[in-house]
Amino acid sequence: MTNDNTRKKASAVFFTAVMVISMVAVGFAAAPAAAIQDDSGSVTADDSSIVGVSSAYSADFTSDGTAFSYISVDLGSEADTSAVVSNDDATVSVAGGAAAVSGVSADGDTVIVALSSQQTPSSGDSVEVTLGGTNPVVNPDVAGDYTATIGIHADDSGSPAAAADTETADYTIDPVDISGTVTDTAGPDPVEGATVTVTATGDEATTNSNGEYTVTVGDISNIDTTSSTEVEAIADGFPAATTTADISGGDASAADITLDASATVTPSYTPDSDLYYAGQDIDVDGLYGNSDYQLREVTDRDSSDGSITGSSPVEQFSSSDAGEYTIDTGDLETGDYFLRGPGIDDEAATEFEVSTQSLSTEWDEDDVEEGEEVDLEIDSNRGTYSLNVSASGLDDTEIQSIFTDSVSDITLEDEDEEIATLNNVSDGDYAANFTDIDQGEYDFDFEVTDTEAADTASINVTEAEDGEGDIADSVVTSQGDVAAITVELDNTDEGTLVIGNEEDDGYQANVTVEDDEDDEVVLLFNTYAAGSGADANDVVYTEDDDANVELVSETDLNDILDTGTYDVSVGPYTNDTDGQRFVDTVEDPDSISSLSIEERSETSLALWRTSQSVEGDIADELDDENESATVSLIEGAIEGDLVTQTDTLAVDDDGTRSDVLVHQFTASGLEGLLESADSEDLGAGDRTDQFYHLLQQTNDYDSESRYSDLANGGEDQLEMTLELENPGPNEPTTSIDVNEDLDEGQFKSAFTVVYDDQTDNYYIVANADELNSVVDEDLEDEDEYEVQLNVQDARLLDLLEEDDEDDFEDAFLDSSAMFSVAEAEGEYDNEDSIQVAAAEDQSITGTTNVAPGTELDVRVRSDDDASTSFIINDEDLVVTPNGTFEATFDFSETSVNDTFTTEVRQAAFDAESDGTVVEQVQEPATFEVSDLSPAQATATAGDSVTVSATIENTGGREASQDVALTLDGDELDTQEVTLAPGDSTTVEFTADTSGLDAGDYEHGVSTDDDEATGTLTIETSGDDGGDDGGDGDDGGDGDDGGDGTDGEDGGDGEDGGDGGTDDSTPGFGALVALVALIAAALLATRRSE
């Protein structure tokens, strides 16, 4: 049993303090006379005075007649009175009569008994209080004499006043006796001279001639008194035997023990192991007492089961009275050993191996400077062990200081001040710090504490060289970006960096640099936040885990840090007095380089698309690696045509598998603004989080009265919108305002932002399905959108003092790009006439308009009338860059003429087709183009030109295709042609050349499979007036035509305009006419303004 001694002692101190305070309050002169007659107190354990048992206690004293309302009893910290808390736990009698108890409480070691009424005994009356009626007191765990303190107290407003008087009384706690008889099973006969030990306490006794023993236990603090304790007996020629004794009642039950001379034993080893190293001591117990045993070495084994078939004796030894022996392995050769002797029935169970421990210690360097670290490499064939370390010229405390950072448990020998013990070491590198170690050559001796393994390692401690700072290279960055400045510290872990020179440049940043690894530090410097009063870690920071940089001070700037070249100086200085280290660094740097801040370039926006699988790869790479690795992934996807530039986005009607839109926003100088947008340290933020918070920030620089109203006008610092360009009839133009329409969670679910600091490209990846799920206006089929990304931050654009609204807005960096939305579509090649052979590796192909890299599945299911039933799948197919997909199946278990249905699954589109298993798959139709006529032609503008070509189906199936007439790649007219395999036909087109400028054009005829092209040369008609007229506005507007340089020629041009091409004849000039129409509309608009 364990008592809370601390708590009880604290309570005793408390009550003593209360008594002292009470005496001071009434004054020593008015102290009352004694209220308890001297030497009249006594305390008795009523039930039992044995250690650790429960008992009621009686305390009595003789009164001198002083009235009291409370009695306190303190049995000392060793007794446990914590359970004595109810009215039934105490009784009080005064002069032989019972006094009613109104309350019992335990305050630390002291029990306070409150009486229902004040007691007024006469002098000489006996007062008795009994504790532990229902809940007893637990006796102390250790036998001995103890002192109790009894006190009486008056009532103080419902609480006991300070003790009017106290009396002490001694009481005694007795040890517990454990008795029994030890007998031999052979008789049973008493065993004389057996040693009987209480395992938990170590108390022991020897049996008499009758085999009887009594073990007296005075300290039971290590015994659980609520259960039995183990008692062990051992005698010469007997193995140890145990029994249990119950001491919870104070008097132990008879603990008889029977010894069996024929009993088997299983010795145990300490430390417990199957493998020991030469030099280790093995403590053996569990043997017969005072008996002879052999230690034997295994010399031969059964090759089939490994059992021992041969051995030789190594040592004979006698066990102790307790059946113990210590084996010294220092004299044993490497090998396997076991024990043989009395009681050992299973010799194999005692087997153990002895090996030789190896030890190698080596410093990573031959020399180390004072104050520096070097690694000690420790290698051994043993797992964990302890090393004694000594070195000539070093005492144990110095050795401890060398290894204290790398070894958590180091002990020093009291007798030997030259050895430090490194506990629980294993293979590895251990950092040794030679701070405050004198120069010189040191030979370190390393010895394993319990084996014979040892090694030495020497190292030379040299004078520390002066620290130096260096800067790797000059740095060039755009205004507003974050510059990465590499600083190298040699022979020092602390230095100073100064960016700029306030006297010369009007700006200076003073930075301290620390590097625990004495290597290079990459310091980030935010040219946007510099001088703005931003938090120091938003201006200067490092992501190096083993380094620290601190911006101590910088020059306050009214505007963004100007472009230009700034000195970057570094030095080893550490004198912080009045910033002297920064003065020294500027005046006498170890190294000086430069930071060149250049003008920002114009922003631009390009649109790409990719698949949701690539989008997932991007997100995973950001989570698992870093932004640089993610940029490499995107670049690889672009090279592999998995991210492709586009003006069309395919969307899934179900809203689950649409294309992903990638905005490539090129904007130098934006990085610093982004880094300042979040609450993270410079370089530590998430780019998507930064981008969202930047979209929420406005130009609100009202803290400085010198700034213009426009700088406080609330313009978004960055604006992103998707504006619908083709609303339906009578519908207003709508837009998705990313700044306003998405909250933070919605933005992060729809967008991922990745920054490439080498190219100033921001990849803004937008999931169309997620975007559609959170905005009112969905991206739908045939929608056309303009994406606008506008940089409008007044500080970045140096507009803080600009007060002209037009000039203010003209300085914004606006970027835009267009894309259209198309419903995701796909179809099988040879739809409804797919053919496969009854063989392996049969391909089914198709085309789609979804993004390359999109994954989909294809399933083939046999029709009901097929002779064999089958369902086969090809999953995770990837759409190629040319918009095709191919599934490969094994049809070898099917039969010719089996029919089936195939469908695309897990895709943004639905596609289904019938198919047939055939004897031999026919080649698909291929429409080849030949005999283009004319291949070379010359015509006068306005003439009609007839173009013809031969179309031949060189494939194996009948098919229909549209054959097109093209001019410079643009389709002008089409004809549908149906051809059986091997058939051919001639197609003919007639087109008007009106509106074409003089020059050479490529004309051609094309099919889905082939194309033939030639050159068409257009010559002018020789009438300059006609040409001039063509340049005028719409021929119907005579007045405007009159404004031309040549009025009459303008009239001729009007006549030429009336000679339009017939509706049935495609015009080569259609494209030119469309451009002219747009130009006229723009001109009319400008004139109306």
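The values are calculated or read from the model by the stated rules, or taken from the named source; none is laboratory data. Only a predicted model underlies this, so the values are computations on that prediction, with no experimental measurement involved. Because the Cβ atoms are built from the backbone with ideal geometry, glycine has one as well, and the counts that use them run over all protein chains shown.
Could you say whether any residue in the range 825-833 is out of contact with any Ser or Thr (no Cβ under 7 Å at 6 or more places or on another chain) and not assigned by TED's automatic domain parsing to the domain that holds ASP659? For the range 825-833, residues out of contact with any Ser or Thr (no Cβ under 7 Å at 6 or more places or on another chain) and not assigned by TED's automatic domain parsing to the domain that holds ASP659: present. Could you tell me whether SER360 is within 30 Å of GLN439 (Cα to Cα), of a type in the set (Ser, Thr, Tyr) and not in a helix (DSSP H, G or I)? The answer is yes for SER360.
Only one residue in ASP538, ASP546, ASP519 is in contact (Cβ under 8 Å) with a residue 24 or more places away in the chain, within 30 Å of ASP793 (Cβ to Cβ) and not polar (S, T, N, Q), so which one is that? Please lay out each step first, then the result.
Details: ASP546 fails: within 30 Å of ASP793 (Cβ to Cβ); ASP519 fails: within 30 Å of ASP793 (Cβ to Cβ).
Residue meeting the stated conditions: ASP538.
To keep it simple, each residue is scored yes or no on (1) more than 39 Å from the chain's Cα centre (by Cα); (2) modelled with pLDDT of 95 or more.
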position	(1), (2)
LEU359	no, yes
LEU376	no, yes
LEU387	no, yes
ASP395	yes, no
PHE446	yes, yes
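Can you name the residue in the range 946-960 that is surrounded by fewer than 18 Cβ atoms within 10 Å (Cβ to Cβ) and touching a residue at least 40 places away in the same chain (Cβ under 8 Å) and, of all such residues, is farthest from the chain's Cα centre (by Cα)? Filtering first and then ranking leaves THR946.
Here are some residues: THR130, THR134, THR166. Which one is closer than 19 Å to SER82 by Cα, out of contact with any helix residue (DSSP H, G or I) (no Cβ under 7 Å at 6 or more places or on another chain) and surrounded by fewer than 22 Cβ atoms within 10 Å (Cβ to Cβ)? Quick ask: steps written out before the conclusion?
Details: THR134 fails: out of contact with any helix residue (DSSP H, G or I) (no Cβ under 7 Å at 6 or more places or on another chain); THR166 fails: closer than 19 Å to SER82 by Cα.
The unique qualifying residue is THR130.
Cβ-Cβ distances below 6 Å connect the following pairs, each with a first residue in the range 83-106 that is free of Cβ contacts under 8 Å to residues at least 60 places away in the same chain, a second residue that is of a type in the set (D, E, K, R), and a separation of six or more residues or different chains: SER93/GLU128; ALA95/ASP125; VAL104/ASP89.
Residues that are surrounded by fewer than 19 Cβ atoms within 10 Å (Cβ to Cβ), more than 20 Å from GLY683 (Cβ to Cβ) and either hydrophobic (A, V, I, L, M, F, W, C) or over 30 Å from the mean Cα position of the chain (by Cα) (or both): does the range 507-530 have at least one? No: zero hits.
When THR884 is tested against the conditions (1) closer than 30 Å to ASP653 by Cα; (2) surrounded by 15 or more Cβ atoms within 10 Å (Cβ to Cβ), the lone failure is (2). In the set (1) at pLDDT below 90; (2) under 19 Å from SER40 (Cβ atoms); (3) among the acidic types (Asp, Glu), the condition left unmet by GLU167 is number (1).
Out of curiosity, is VAL917 farther than 30 Å from TYR1001 by Cα and in contact with a Ser or Thr (Cβ under 6 Å, 6 or more places away or on another chain)? Yes; evaluated as a whole, the condition is true for this residue.
Return yes when ASP781 is within 28 Å of THR721 (Cβ to Cβ), without any contact (Cβ under 8 Å) to a residue 60 or more places away in the chain, assigned by TED's automatic domain parsing to the domain that holds GLY616 and loosely packed, with under 15 Cβ neighbours inside 10 Å and no when it is not. Spelling it out, it is not the case that ASP781 is within 28 Å of THR721 (Cβ to Cβ), without any contact (Cβ under 8 Å) to a residue 60 or more places away in the chain, assigned by TED's automatic domain parsing to the domain that holds GLY616 and loosely packed, with under 15 Cβ neighbours inside 10 Å. Residues of the range 910-929 that are of a type outside the set (Gly, Ala, Ser), within 48 Å of the chain's Cα centre (by Cα) and either in a strand (DSSP E or B) or buried (at least 20 other Cβ atoms within 10 Å of the Cβ) (or both): GLU912 alone.
Out of curiosity, is ALA245 part of a strand (DSSP E or B), closer than 30 Å to PRO140 by Cα and of a type in the set (A, V, I, L, M, F, W, C)? Yes.
Assess whether VAL389 counts as being free of Cβ contacts under 8 Å to residues at least 60 places away in the same chain, assigned to a loop (DSSP other than H, G, I, E, B) and under 29 Å from TYR276 (Cβ atoms). So VAL389 does not fit the description; no.
Suppose we filter the range 270-313 for residues that are charged (D, E, K, R) and in contact (Cβ under 8 Å) with a residue 24 or more places away in the chain; how many remain?
7
I'm told THR451 meets every condition in (1) assigned to a strand (DSSP E or B); (2) not assigned by TED's automatic domain parsing to the domain that holds ASN575 except one. Can you identify the failing condition by its number? THR451 satisfies every listed condition except (1). Search the range 493-508 for residues being in contact with a Gly (Cβ under 9 Å, 6 or more places away or on another chain) and polar (S, T, N, Q), and hand back the single one that is nearest to ASN575 (Cα to Cα). The residue in question is THR496. Restricting VAL583, VAL614, VAL549 to residues that are at negative phi, touching a helix residue (DSSP H, G or I) at 6+ places or on another chain (Cβ under 6 Å) and surrounded by 15 or more Cβ atoms within 10 Å (Cβ to Cβ) narrows the list to VAL614. The set of residues from the range 859-893 being assigned to a strand (DSSP E or B), more than 26 Å from VAL614 (Cα to Cα) and of a type in the set (Gly, Ala, Ser) comprises just one member, SER862.
Checking each residue of the range 266-280 against the condition of being at pLDDT below 90 and in a strand (DSSP E or B) gives no match.
Would you mind listing the strands (runs of 3 or more DSSP E) fully within the range 302-348 where at least 3 residues are buried (at least 18 other Cβ atoms within 10 Å of the Cβ)? Of the strands (runs of 3 or more DSSP E) lying wholly inside the range 302-348, those with at least 3 residues that are buried (at least 18 other Cβ atoms within 10 Å of the Cβ) span 335-340. Regarding ASP992, is this residue over 30 Å from GLN920 (Cα atoms), out of contact with any Asp or Glu (no Cβ under 8 Å at 6 or more places or on another chain) and not assigned by TED's automatic domain parsing to the domain that holds ASN830? No.
Of the residues LEU932, LEU856, the single one that is outside the structural domain of VAL1005 (by TED's automatic domain parsing), surrounded by 15 or more Cβ atoms within 10 Å (Cβ to Cβ) and either assigned to a loop (DSSP other than H, G, I, E, B) or touching a strand residue (DSSP E or B) at 6+ places or on another chain (Cβ under 8 Å) (or both) is LEU856. Filtered by the rule that a residue be closer than 13 Å to SER458 by Cβ and not charged (D, E, K, R), the range 364-389 gives VAL368, VAL374, LEU376.
Among the residues of the range 415-428, is there at least one that is of a type in the set (Asp, Glu) and touching a strand residue (DSSP E or B) at 6+ places or on another chain (Cβ under 8 Å)?
Start the filter on the range 415-428 by keeping residues that are of a type in the set (Asp, Glu), which leaves 415-418, 427.
Retained after the next criterion (residues that are touching a strand residue (DSSP E or B) at 6+ places or on another chain (Cβ under 8 Å)): 418, 427.
Taking every residue of the range 415-428 in turn, at least one turns out to be of a type in the set (Asp, Glu) and touching a strand residue (DSSP E or B) at 6+ places or on another chain (Cβ under 8 Å).
For first residues located in the range 497-513 and under 15 Å from VAL487 (Cβ atoms), partners that are among the hydroxyl-bearing types (Ser, Thr, Tyr) and surrounded by fewer than 23 Cβ atoms within 10 Å (Cβ to Cβ) and lie 6+ apart or on another chain with Cβ distances below 9 Å form the pairs LEU497/THR512; ILE499/TYR507; ALA509/SER553; ALA509/THR555; ASN510/SER553; THR512/THR574.
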